[in-house]
Amino acid sequence: MVEDHGLDACVPDPVLRRILLSRGVHDPQDLDPSLEHLLHFKQLQDITKASETIAEAVINKEHIRVMGDYDVDGMTGTALGVLCLKAFGLENVSFQVPSRYDNGYGLSVPMVEKAASDGVQLIVTVDNGISCHEAVARARDLGLKVVITDHHEPSATLPDAIAVVDPKRHDCRFPSKNLCGVGVLFYVLIATRSELIARGYFKDRSSAPAMGQFLDLVAIGTVGDVVPFDANNRRLVKAGLKRMHEMSTQLGVRALSEVARVNLANITTSNIAFDLCPRLNAAGRIRLNDNPSVQCLLSSDGTEAMNLAQRLDMINRRRGDYERVYLAEAREDAQSAVRSSSLVVYRPHWLSGVAGLIASRLKDSYGVPCFVFAGESEEITGSARSVQGFPLAQVLSEMAEDAPGLLIRYGGHAMAAGATIQRERIEEFRTLFDAKAAALLSQCGGEAPIETDGALPGTHVNLDFARALEYFGPWGQGYPEPTFDGSFMIRDIKLLGNRNLRMTLVGPDFSVTAIRFRATAAEKALLAGMQVNVVYSLCVDRYYKNERLEAVIKAIEPV
């Protein structure tokens, strides 16, 4: 076992220390969740120009429009921008979140022209803008100032905005490149508050507003965007969770939690990811005339917030109905597909906002890269999900070189991406995509094994250890939740709501109550008395008044 004496004092338990070391934690300060260790904003490139521009607009009572995006990160960032600027005392604040179906992604020329006609003087983007050269140029022509805050990869040249704050800029020295969109804007607004204080703006006011009041929005956006949980992001998320636990959160977040049946006093990152984010995202996935997600997050009236949260819940149920129908149809298409290295499906009536969800389900079922296209126009848009060993962004770039003109637009990451093509070229796309999959995946040697933190000693299967794991979280992308493996006998087992399995697992030196969410048909066939191999995590179950230890099963199969 590799030891790190820097952690010995604060993490005396060798099992915990091994878990943390395997996740790259060597400095005890990285385990300190207090905000005093938060990275300073000064190292962000263009942060001074951005904060000075916004501060001047606040002092001069200019009309600022926050331009966001239709995912959780963009919507929490939009709400943050509006609420914080109003807390600074600016009354003339507006926002716009584009429609996936009508406006597309990012700041566009029509959005800029609409802002100009509305008398907007400063546009502040959040979670977009780094690639919007044409829209920023149009804003310049119309006399509008633009401050870009984004976290996506920049191209060789930056838009001609007054300031471009993006930690992924090649000339940016900010130590963490993992801030999401709402996190970047949070830093810009912290710097703006500091600039306003330096200019004496708050002398005639009671005090400068506390920025901590917006950390629930930062936490939700960070979890929802699945960015790596480095030490800085963990501090932001943990601070946001703490405010939620203390019920010191936006009324919209409180209403949404109530509708989702999540107890804010015990809310976790899993609750945010699987209960709150789907409801917020649902508004951007189907075609609507407005955006109740941002309205809910901005609401200052409890009744209004609850009505909007209930509407979002209904929209999410509707999204679920679409997903079930589309998935059944996609499975029909998959059965007739002759290629086995990948899966590319398309139906005109599918909604592009649900395509990514269908691609994810198909990928899990068939274990191959999946592309799902949707739309009735001549240009159709698809979303993809991948498997280990098949980097989507790289593959799409190669396809663009191999078949010029095939991809009208494309982008994304290794495991998730999107592309727009001509509908008549779907078969050409399918053939080329499958050829790439066949070539790459043949080198991978089959399905990747599940990695765990090993077998857990029976001495550690208790509430104290589960609480310790919870303390050293939050766990997330790039800082994975600890999982353990072992061989057990099922003592008793029952099906809950036809979806989940609850059972008691008996090992050589301990037994534990366990739950398997969304069990497969094969898992539902498991019986008491069977010997099984299990991958699981430990958590503190607070559903009842007393805390209980529970194992959450990640994978299970008969020996």
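Can you match Kirkwood radius over Cα pairs in Å to one of these, (1) 31.6; (2) 25.3; (3) 27.2, based on a calculation from the structure here?
Given (1) 31.6; (2) 25.3; (3) 27.2, the structure-derived one carries the label (2).
Please report, in whole Å, how far the alpha carbons of the stretch 307-451 spread along each principal axis, starting with the longest.
Between the extreme Cα coordinates on each principal axis of the stretch 307-451 lie 51, 42, 29 Å.
Calculate, in nm to one decimal, what SER22 and HIS37 gain on full extension: separation in residues at 0.36 nm each, minus their alpha carbon distance.
Values: separation 15, 0.36 × 15 = 5.40 nm, distance 2.22 nm.
Length gained, SER22 through HIS37: 3.2 nm.
Evaluate the distance, in nm, between pseudo-label points positioned 7 Å from the Cα of ALA87 and of ASN289 along their respective Cα→Cβ axes.
3.3 nm
Within the stretch 478-559, which GluC sites (Glu not before Pro) sit in a loop by DSSP and count at most 16 neighbouring Cβ atoms inside 10 Å?
Here the GluC sites (Glu not before Pro) that fit, given the DSSP loop and packing criteria, are GLU547.
What is the gain in length, in nm to one decimal, between ARG173 and ASP141 on full extension, counting 0.36 nm per residue of separation less the C-alpha to C-alpha distance?
Result for the pair: 8.4 nm of gain on full extension.
Suppose every Lys and Arg Cβ carries +1 and every Asp and Glu Cβ carries -1, with no other charges. What dipole size does the chain come out with about its Cα centre, to the nearest 20 debye?
1100 debye
By average Cβ neighbour count within 10 Å, what is the ranking of 230-238, 402-410 from highest down?
On the way: 230-238: 22.0, 402-410: 14.0.
Result, highest mean first: 230-238, 402-410.
Give me the percent of DSSP beta bridges within the chain that run antiparallel, rounded to the nearest 5.
Given both bridge residues lie in the chain, the antiparallel proportion sits at roughly 70 percent.
How large is the dipole of the stretch 90-202 about the Cα centre if only Lys and Arg carry +1 and Asp and Glu carry -1, each at its Cβ, rounded to the nearest 20 debye?
Dipole magnitude for the stretch 90-202 comes out near 300 debye.
Run down the aspartates and glutamates and flag those whose C-alpha is under 18 Å from the C-alpha of LYS554, throwing out any fewer than 8 positions away in its chain.
Reachable aspartates and glutamates: ASP364, GLU447, GLU451, ASP453, GLU470, GLU481, ASP485, GLU523, ASP541.
What residue among LEU90, ASN128, PRO159 has its Cα farthest toward the positive end of the dipole of the stretch 51-182, where the charges are +1 on Lys, Arg and -1 on Asp, Glu, each on the Cβ?
The residue sitting most towards the positive pole is LEU90.
Sorting check: for 40-52, 485-497, which peptide has the highest mean count of neighbouring beta carbons within 10 Å, and how do the rest follow?
40-52, 485-497
What does the helix-only formula give at 222 nm for the chain: each DSSP H stretch with n ≥ 4 adding -39500 (n - 2.57), the total divided by the residues, and the result rounded to the nearest 500 deg cm²/dmol?
Details: 18 runs with 218 residues, N = 559.
Per the formula, -12000 deg cm²/dmol.
Multiply the residue gap between ASP492 and THR431 by 0.36 nm, knock off their C-alpha separation, and tell me the result in nm, one decimal place.
Full extension from ASP492 to THR431 adds 17.1 nm.
Which listed residue (ALA328, ILE493, CYS10) has the Cα farthest towards the positive end of the charge dipole for the chain, taking +1 on Lys and Arg C-beta and -1 on Asp and Glu C-beta about the Cα centre?
Most positive-ward Cα: ILE493.
In whole Å, what is the distance between the alpha-carbon centres of the stretch 143-160 and the stretch 291-307?
One Cα centre to the other: 30 Å.
Name the residue farthest towards the positive end of the dipole of the chain from the options MET306, THR452, TRP350, assuming +1 on Cβ of Lys and Arg, -1 on Cβ of Asp and Glu, about the Cα centre.
Going by the Cα projections, it comes out as MET306.
Can you check what the net charge comes to around VAL535, using other residues whose Cβ is under 12 Å from the Cβ of VAL535 (Lys, Arg +1; Asp, Glu -1)?
After counting each charged neighbour, the total is -3.
Can you check what the net charge comes to around VAL325, using other residues whose Cβ is under 15 Å from the Cβ of VAL325 (Lys, Arg +1; Asp, Glu -1)?
+3
How much of the accessible area of the chain, probe 1.4 Å, is carbon plus sulfur, in whole percent?
50 percent
Take each of the peptides 536-542, 513-519, 75-81, average the number of other beta-carbon atoms within 10 Å over its residues, and list them starting from the highest. Working shown, then result.
On the way: 536-542: 19.3, 513-519: 16.7, 75-81: 32.4.
Highest to lowest by the protection proxy: 75-81, 536-542, 513-519.
Net charge around LEU298, counting only other residues with Cβ within less than 12 Å of its Cβ (Lys, Arg = +1; Asp, Glu = -1)?
Charge balance near LEU298 sits at -1.
Let me spell out the model: positive unit charges on the Cβ of Lys and Arg, negative unit charges on the Cβ of Asp and Glu, origin at the Cα centre of the stretch 199-331. What dipole size does that give, in debye rounded to 20?
Result for the stretch 199-331 is approximately 220 debye, rounded to the nearest 20.
Can you tell me the relative contact order of the chain? Whole percent, Cα pairs under 8 Å, sequence separation 6 or more.
Once normalised by length, the contact order is 10 percent.
Starting from the Cα gyration tensor of the stretch 160-286, take the square roots of the eigenvalues, sort them a ≥ b ≥ c, and report rounded, prolate or oblate (rounded when a/c is under 1.5, otherwise prolate if a/b is larger than b/c, else oblate).
Note, shape of the stretch 160-286 comes out oblate.
The values are calculated or read from the model by the stated rules, or taken from the named source; none is laboratory data. Fair warning: this is a prediction, and the values are worked out from it, not measured in the lab. No Cβ is skipped: glycine too gets one built from the backbone with ideal geometry, and neighbour counts run over all protein chains shown. For accessibility, only protein heavy atoms count, side chains too; no ligands or nucleic acids. Shrake-Rupley method; radii C 1.70, N 1.55, O 1.52, S 1.80 Å.
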